[in-house]
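S.K.: Just dropping this structure here.
The values are calculated or read from the model by the stated rules, or taken from the named source; none is laboratory data. Here the structure is a predicted model, which means the values were calculated and not measured. Here the Cβ positions follow ideal geometry from the backbone for every residue, glycine too, while neighbour counts run over all protein chains shown.
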Amino acid sequence: MTKPDRPTDQILSVNRLTRRFGGVIAVNGVSFAIAPGTVTGLIGPNGSGKSTLFRLISGEIPADSGEIHLRGTAITHKSASVINRLGLSRTFQLSRLYPQMTATENLVAVTRAPEGEAFARARDSLDFVGLSPVADEFAANLSYGQQKLLEFARVLVNDPDVILLDEPFAGVNPVMEERLCTHIHALREQGKTFLITDHEIKLIMALCSRLIVLDHGELLADGEPAVIRADPRVIDAYFGT
């Protein structure tokens, strides 16, 4: 018996997703499904389609064909703001913080909480990621690692079910890496679902229970980290020999 294209026990599913830019096929018929409460890594060489796939899932750009479902609801042609309200949020590789706002104001600006609750929810998110001591500092004055944590807190403030993290460990020191991993594990224990792309392969392999590998816009491999590391196709395409 063949597996269904959209398993009902998955929180996020991508089915035969394709996106072209002119004559270039950036994502070519990619399919996978993710179970709730899991941490999945999305890896691949530069230009493999990871960023485009993130943009498709989060509603920043439309797919040419294929389907995306969130908790069984089709989100393929929905806007980023609608998808965010449905419970899927993401960070970005390049900061989208408001530099002349405080850490608290950055969170209040994006929260969907009622006006009377927005400040408290922002403070709770800052406390969770350990940024309460700099709650009233301008974002521009924070260290790079603190800005990464603030980006993370901005995603958490609306309590999404699915969180996409784009290069969360890029440029941060080992102490900050450990803090981010601790937060991710804690949220997974609460039932949150993560899809993470990053070039820190050793870290991703240790953090994630499953890896999805793209190459030239196509799904190359999908499985547990130990299996992926030993896959000759992945070694050739990504790690080198």
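S.K.: Please verify whether residue 128 is touching a strand residue (DSSP E or B) at 6+ places or on another chain (Cβ under 7 Å) and either on the phi < 0 side of the Ramachandran plot or at pLDDT below 95 (or both), treating the condition exactly as stated. Spell out the reasoning first.
M.R.: Details: touching a strand residue (DSSP E or B) at 6+ places or on another chain (Cβ under 7 Å): no; either on the phi < 0 side of the Ramachandran plot or at pLDDT below 95 (or both): yes.
Spelling it out, it is not the case that residue 128 is touching a strand residue (DSSP E or B) at 6+ places or on another chain (Cβ under 7 Å) and either on the phi < 0 side of the Ramachandran plot or at pLDDT below 95 (or both).
S.K.: With in contact with an Asp or Glu (Cβ under 6 Å, 6 or more places away or on another chain), hydrophobic (A, V, I, L, M, F, W, C) and surrounded by 19 or more Cβ atoms within 10 Å (Cβ to Cβ) as the only criterion, which of 204, 163, 196 stands out?
M.R.: Working: 163 fails: in contact with an Asp or Glu (Cβ under 6 Å, 6 or more places away or on another chain); 196 fails: in contact with an Asp or Glu (Cβ under 6 Å, 6 or more places away or on another chain).
Residue meeting the stated conditions: 204.
S.K.: Okay, next question. Return yes when residue 220 is farther than 29 Å from residue 85 by Cα, in contact with a Leu (Cβ under 7 Å, 6 or more places away or on another chain) and in the same structural domain as residue 80 (by TED's automatic domain parsing) and no when it is not.
M.R.: On the way: farther than 29 Å from residue 85 by Cα: yes; in contact with a Leu (Cβ under 7 Å, 6 or more places away or on another chain): yes; in the same structural domain as residue 80 (by TED's automatic domain parsing): yes.
Yes, satisfied.
S.K.: Inspect the stretch 54-62 for any residue being more than 20 Å from residue 213 (Cα to Cα), crowded, with 17+ Cβ neighbours inside 10 Å and either touching a residue at least 40 places away in the same chain (Cβ under 8 Å) or touching a strand residue (DSSP E or B) at 6+ places or on another chain (Cβ under 9 Å) (or both) and give the result as yes or no. Steps first, answer last, please.
M.R.: Our first condition is that a residue be more than 20 Å from residue 213 (Cα to Cα); within the stretch 54-62, this holds for 59-62.
Within this subset, residues satisfying the condition of being crowded, with 17+ Cβ neighbours inside 10 Å are 59.
Imposing the further condition that a residue be either touching a residue at least 40 places away in the same chain (Cβ under 8 Å) or touching a strand residue (DSSP E or B) at 6+ places or on another chain (Cβ under 9 Å) (or both) reduces the set to 59.
The answer is yes; a qualifying residue exists.
Condition check ((1) free of Cβ contacts under 8 Å to residues at least 60 places away in the same chain; (2) in contact with a strand residue (DSSP E or B) (Cβ under 8 Å, 6 or more places away or on another chain); (3) over 24 Å from residue 167 (Cα atoms); (4) not hydroxyl-bearing (Ser, Thr, Tyr)) across all residues:
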| site | (1), (2), (3), (4) |
| --- | --- |
| 78 | yes, no, yes, yes |
| 88 | no, yes, no, yes |
| 115 | yes, no, yes, yes |
| 119 | yes, no, yes, yes |
| 133 | yes, no, yes, yes |
| 145 | yes, no, no, yes |
| 152 | no, yes, no, yes |
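S.K.: Taking residue 36 as meeting all but one of (1) within 16 Å of residue 214 (Cβ to Cβ); (2) in contact (Cβ under 8 Å) with a residue 40 or more places away in the chain, write down the number of the exception.
M.R.: (1)
S.K.: Looking only at strands (runs of 3 or more DSSP E) that lie completely in the stretch 180-241, which have at least 1 residues being within 15 Å of residue 168 (Cα to Cα)?
M.R.: On the way: elements: 193-197, 210-215, 218-223.
So the answer is 193-197.
S.K.: Quick check, is residue 74 farther than 27 Å from residue 130 by Cβ, in the same structural domain as residue 223 (by TED's automatic domain parsing), among the aliphatic types (A, V, I, L, M) and touching a Leu at 6+ places or on another chain (Cβ under 7 Å)? Talk me through it step by step, then tell me what you get.
M.R.: Values: farther than 27 Å from residue 130 by Cβ: yes; in the same structural domain as residue 223 (by TED's automatic domain parsing): yes; among the aliphatic types (A, V, I, L, M): yes; touching a Leu at 6+ places or on another chain (Cβ under 7 Å): no.
No: the conditions fail for residue 74.
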